[in-house]
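In what follows, a single structure is set out as structure tokens and then discussed.
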Amino acid sequence: MSKFTKLQEMLAEALDREPDSSDVIEVIDTMAEWFEILLEDIGVEPASIPSLLRWQYLHSDYANNV
């Protein structure tokens, strides 16, 4: 079992970086911001989407420190 989430692994592959690189973390935050803007512009408020993207990274970091 990988210590990284599927999201981290997919982004790392797309960016040609390691799953825990700062580039991958920055992309996750950027994606979350994009979802926030998109949801605001179309008038929908499912706040769980940006939080879920950030949780994906934080969960793997937390799970591996326990």
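The values are calculated or read from the model by the stated rules, or taken from the named source; none is laboratory data. Treat the numbers as computed from the prediction; the structure is a model and nothing was measured. Cβ coordinates were reconstructed from backbone atoms using ideal geometry, including for glycine residues, and neighbour counts include every protein chain displayed.
Is it the case that Glu45 is of a type in the set (Asp, Glu), modelled with pLDDT of 90 or more and surrounded by fewer than 16 Cβ atoms within 10 Å (Cβ to Cβ)?
no
Would you check which residues across the stretch 1-19 are touching a helix residue (DSSP H, G or I) at 6+ places or on another chain (Cβ under 7 Å) and more than 18 Å from Pro50 (Cα to Cα) and list them?
Across the stretch 1-19, the qualifying residues are Ser2, Lys3, Phe4, Ala12, Leu15, Arg17, Glu18, Pro19.
One residue is enough: does the stretch 17-25 have a residue meeting the conditions modelled with pLDDT under 70 and touching a Leu at 6+ places or on another chain (Cβ under 8 Å)?
No, every residue in the stretch 17-25 fails to be modelled with pLDDT under 70 and touching a Leu at 6+ places or on another chain (Cβ under 8 Å).
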